[in-house]
Structures are given as C-alpha cells and as structure tokens.
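Written below as structure tokens is the structure these notes are about.
The values are calculated or read from the model by the stated rules, or taken from the named source; none is laboratory data. Computed from a predicted structure; not experimentally measured. Note: ideal-geometry Cβ built from the backbone for every residue, glycine included; neighbour counts use all protein chains shown. In case anyone asks, the SASA skips ligands and DNA or RNA and just uses the protein heavy atoms, side chains included. Shrake-Rupley method; radii C 1.70, N 1.55, O 1.52, S 1.80 Å.
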Amino acid sequence: AHFAMRYRLHDEGGTTLAAGRDLAALRGQWEGRAREAFSRKTEIELSRAEVASWDFAEIPEQLRADGGLLAFPALVDLGETVALRVFEHRDEALAAHREGVVRLLRNALAGELKRAARQLPLAQAGALLWAGLGDVQVLRADIVEGALRELLAGADLDVRQRNAFEPLRAALARGLFGAAMLRFERAEAVV
C-alpha cells in the first residue's frame, strides 16, 4: 500500500484541501466544487443569456482564464433563445455550440420557414386524402421541417464569426424551398 501514489489537492493559495491514495474518491468528492469554481472563473467576462439573433463579432474556440484554466465558449440552446456559456471540455462545448447555432438559424429563418410551408402546392385532392390522417398545415410544416433538418445535416455548424453566420443563413434560405419541394413530391406520392 505504501507504494501507491498519494494525491494532494491544493487551492490557489497552496493550502491542502484534501489528500489520499484513492484518486477516484478525491475526484468524486471535489469534482462538483471544481466545476463550480471553473465556471465562476471563466464565465464572469464572457457569459450572456437570452440572445435571440447572432450579435457576436466572434466567439473564440477556446480561451485561457486567470490561473491558466483552459475554457471552451459555446452557444447553448435555451428553447427560443441561446446563451453564451463556458465549458470545461472541448467536445461538450462543440456539441452544445452546434445546437445553439441551429437555434439562431431557426430564429433567423422563421419567415422563410413559414413562407415555404404556405407555398407548397398541395392540391385539393391531396389535401382531402390527407385530411383523414391529420391537419394539412401540420403536413406542410413537417415537410419544411424535414427539408431544414436535411440542409442542416449537410452544413458546417461550427460557426464562430458574424461574417460566417450570415452566408450560412443565406445558403439555407436559398435551398429551403427546393428541398421542401423534393420532400413534398415524395410525400404527395405516398399520400
């Protein structure tokens, strides 16, 4: 047992907070507090909430906080808006950031999504056939939603600059109705 590594956990001032030979137990005991301290140190100057549109000049991929901590800023989807948060791990930040970018794209494309759904040329016969299965407006919205998801799946969503977000939004807006029409034709044949 005396050959096992002994670990000591220190605070910034050098005071020993804990010591022991079981690293997993130390991590379990202190991980929550370490994450809170990490968040406090890194989020102070960067944190923003309730952002509905892209109004950032640039979101850095990573930054080094006081004390040398490496932090990964990312947009986080809050439902109707996003928040800018800081993550401890790059992969968590990237996954959250992509979802946040998708939320901002959905907000920016709201008008195009409604317009595309209204413009789908659903014939009276197709509408009558669909009526037994559900609301025609739901069918239109589902077709446009599927088209948007398909376009998003092929897009690079790791956008971090304003001058990269707007071209992505414009490209999605241009391709949305065409992709919706392809899906509409398939759905009409099925109905």
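Consider Phe184 carefully, then state whether it is within 30 Å of Ala74 (Cα to Cα) and at pLDDT 85 or above.
Details: within 30 Å of Ala74 (Cα to Cα): no; at pLDDT 85 or above: yes.
Spelling it out, it is not the case that Phe184 is within 30 Å of Ala74 (Cα to Cα) and at pLDDT 85 or above.
Hey, could you check region 152-185 for residues that are open to solvent by 70 Å² or more (accessible area, probe 1.4 Å) and among the charged types (D, E, K, R) and say which is farthest from the chain's Cα centre (by Cα)?
The extreme case among them is Glu185.
Just to be sure before I move on: is Leu46 over 26 Å from the mean Cα position of the chain (by Cα), surrounded by 14 or more Cβ atoms within 10 Å (Cβ to Cβ) and either farther than 19 Å from Phe165 by Cα or modelled with pLDDT of 85 or more (or both) in the structure I sent? Show your work before the answer.
On the way: over 26 Å from the mean Cα position of the chain (by Cα): no; surrounded by 14 or more Cβ atoms within 10 Å (Cβ to Cβ): yes; either farther than 19 Å from Phe165 by Cα or modelled with pLDDT of 85 or more (or both): yes.
Judged against the criteria, Leu46 is not a match.
Say we look at region 26-41 and pick out the residues that are over 16 Å from Phe87 (Cβ atoms) and basic (Lys, Arg); which of these is modelled with the lowest pLDDT?
Within region 26-41, the match that is modelled with the lowest pLDDT is Arg33.
Leu75 versus (1) assigned to a helix (DSSP H, G or I); (2) at pLDDT 75 or above; (3) within 30 Å of Leu168 (Cα to Cα): which is the lone unmet condition?
(1)
Considering only residues that are of a type in the set (Asp, Glu), open to solvent by 100 Å² or more (accessible area, probe 1.4 Å) and assigned to a helix (DSSP H, G or I), which ones fall in region 1-38?
As a first pass, look at region 1-38 and keep what is of a type in the set (Asp, Glu): 11-12, 22, 31, 36.
From the residues that got through so far, the ones that are open to solvent by 100 Å² or more (accessible area, probe 1.4 Å) too are 12, 36.
Of everything in region 1-38, just one residue is of a type in the set (Asp, Glu), open to solvent by 100 Å² or more (accessible area, probe 1.4 Å) and assigned to a helix (DSSP H, G or I), namely Glu36.
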